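Worksheet: the structure to be examined is printed underneath.
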Amino acid sequence: MNAQIFEYHTHSIPRPIWFATCLIVSLAIYVNGANAAEEDPITFQWCNTNHGIKYLKQVAPAKFVIPENLSEDRIKFEIRLNLANFSCPNGANAIELMLDLNRPLDDPEKHESDFSSSGFFRHGTYYFPPEVFCIASWTASKIAVRVCSEFKNENQLSFPECDTSNHCIPKCCPMDMLLTSSAEDIPKCHPKFNSSARVTPTLYAKDLQKSSSRKPMYFYTQSFFSQDENEAAVTMPHVYLKKFIYFSKHCFRIMEDGALQHLENYKWIQVPRANYCLDGIQFQGKSSKNFEGRDDQYLFLLNYSSKIQRRNEAELAPAWISSLVASVFYLLTFLVLLLQWEEQKLPGWLALSQFGTLTLSHVVFSLNILISDWILTRGFLCVASGATVYFLYLSGYCWLTAICFNLFYTFRKLTNANADEDSVVSYIRYAIFGWGAPLLLATISIILDQIYSYDPCNQVLVPQYGVESCFISAAASGLYVVFPVLLLVIVNTILFSITSYKLCAYSKSNSITRESFARGKKFFKLIAKLILVMGLTWIINLILVILWNHGEGQMDWYWKALAVFIFIQSFVIFMVYSCKSSTFASLKKHYPILTPLLSTPENIKSYQ
């Protein structure tokens, strides 16, 4: 029925009129949609009960415009005035401030009060929202502003007490400005771009859930933040200010009472209002980015340095130099064993794999330290170098476990000669553990890091490659580094203890040949020294890390101590494996050309 009626009416209307009507309706819909998309004009309250808005239009322009000399950002802007029955909350006083419409524009710093194009009324460094002030009168020469003051001081306007009822937010820049930066520039306050949104951060209750409060939000400019780029005294967590455009996003919550809570090392840290400021971010340059008001476009700045900081070059120098020197000692040990290839069996192959891994580990570790100092972003090179160091670090201890197990397995069946011990198949089994297990863990760490680590509010413990350095962060080092290596150290200790017991039992037994026992004992002593050196240095390094994490975060002494132990470990292992008379005799026998070099220690002793 309805369809038939609609068809009748449309056919009864002349076609030109029908098309014109459709065009007009379409244009009207488009214009209304465009107007709706525009930001609503600023609305102020008109609280003159004796004279309504009609009276105001007789003494003021038909359009209500805040002139440049009364505007904080020195641009005129339109406002809407709503007639309101304005009253201050209980315990607050209403104070009227007069703004001279004829005051000069050339010296804005002399004026203590003005309006912000964001809808706030400024008095000094404080910004009062539209809910707590109103326009009491507007004449040709003056505008009277009535403001609620909660300190019950009738002679001077004061900022309200900040609590869950009055939300006070410390802002880095004035209300008409945003933190702005371009590449290679220190962030500073700059007038917000025309299309940038107003600063209205989301507030959270004590349970870190979004607040349902409808109370007005006050702002004030933080005193410690300098707008002079030459006097910038603010530090952002984990980043340099000069690289502001590459800032690491952080998860934070602005509480109802104005305090800040931010997530650092998977713990919520509370910062009082006096120690931070908040602002929106906009970038200028070839690819300018406006502030759109999203939660991820806010940035907080602290007036103190965060405990966890990126290391500087002076602190890092001892560690990467020592690591390079250590790689030379491991390489020499590897080459000595390689030159004795014809005499090597399965234990020698395992040792070759161990020292080859340690050589690569220390070379990549040195490069990783330098990359961490050069690169501030979580790019491919940074993440790849960190994951490679992680793989090689675990692999070094996995190969040590393989050597310990081989020693244990050898003494377990010392009475039975078995040729399978030297087979390639046995080595492949050890290699699956020595390289395969670390590769699996490193792959899992990368996958978890890529999935979760870029979410600033992530609570899943991930490596965080490239956050503090290109290696795993301090917060994640326990799960990904300390615990796996600790497990390997415990296994090594158990295997070595059992082997030591077996050795004592065999020394009193006549069931084995003296040749087999002497060969096994010689292998045992060699592995014992390796386990002792690597295990002891790892334990000392763990103690240093614990002391640093519970200290004041000063890195200089830690890196120097780490450099010393890296050098000692590599040098002692080199002396144990390479500087032996039996090794020198074997090399002289197979490589006569090395005789002058290998005879040097004996010549030195003879001169003494």
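The values are calculated or read from the model by the stated rules, or taken from the named source; none is laboratory data. The model shown is predicted, which means the values in this text are computed figures rather than measured ones. With ideal geometry, Cβ positions are generated from the backbone for all residues, glycine too; neighbour counts draw on all protein chains shown.
At-a-glance table
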| read-out | value |
| --- | --- |
| 1 or more residues among the acidic types (Asp, Glu) and modelled with pLDDT of 85 or more: qualifying strands (runs of 3 or more DSSP E) within the range 55-138 | 77-83, 93-100, 113-115 |
| Residue list for the range 257-272, filter: more than 14 Å from CYS457 (Cβ to Cβ) and of a type outside the set (A, V, I, L, M) | ASP257, GLY258, GLN270, PRO272 |
| Residue list for the range 35-54, restricted to those being modelled with pLDDT under 80, polar (S, T, N, Q) and surrounded by 11 or more Cβ atoms within 10 Å (Cβ to Cβ) | ASN48, THR49 |
| Count of residues meeting criterion [out of contact with any helix residue (DSSP H, G or I) (no Cβ under 7 Å at 6 or more places or on another chain) and at pLDDT below 85] in the range 276-294 | 6 |
| Count - residues of the range 325-382 that are within 28 Å of ILE446 (Cβ to Cβ) and not in a helix (DSSP H, G or I) | 5 |
| Matching residues, the range 279-292, being under 26 Å from GLY258 (Cβ atoms) and under 22 Å from the mean Cα position of the chain (by Cα) | ASP279, GLY280, ILE281, GLN282, PHE291 |
| Scope the range 469-502; condition polar (S, T, N, Q) and touching a Gly at 6+ places or on another chain (Cβ under 8 Å); matching residues | SER469, ASN492, THR493 |
| Residue pairs meeting the criteria (Cβ under 6 Å; at least 6 apart or on separate chains; first free of Cβ contacts under 8 Å to residues at least 24 places away in the same chain, in the range 580-594; second in a helix (DSSP H, G or I)) | PHE584/LEU598; LYS588/THR595; LYS588/LEU598; LEU594/LEU587 |
| The range 373-415, subset among the hydroxyl-bearing types (Ser, Thr, Tyr) and at pLDDT 80 or above, residue farthest from VAL489 (Cα to Cα) | SER385 |
| Filter result for PRO67 (closer than 23 Å to ALA197 by Cα, touching a Gly at 6+ places or on another chain (Cβ under 6 Å) and surrounded by fewer than 19 Cβ atoms within 10 Å (Cβ to Cβ)) | no |
| Residue in the range 454-468 that is farthest from ALA402 (Cα to Cα), counting only those that are crowded, with 22+ Cβ neighbours inside 10 Å and touching a Gly at 6+ places or on another chain (Cβ under 9 Å) | GLY466 |
| For LEU495: the one exception among (1) surrounded by fewer than 12 Cβ atoms within 10 Å (Cβ to Cβ); (2) modelled with pLDDT of 80 or more; (3) touching a Leu at 6+ places or on another chain (Cβ under 9 Å) | (1) |
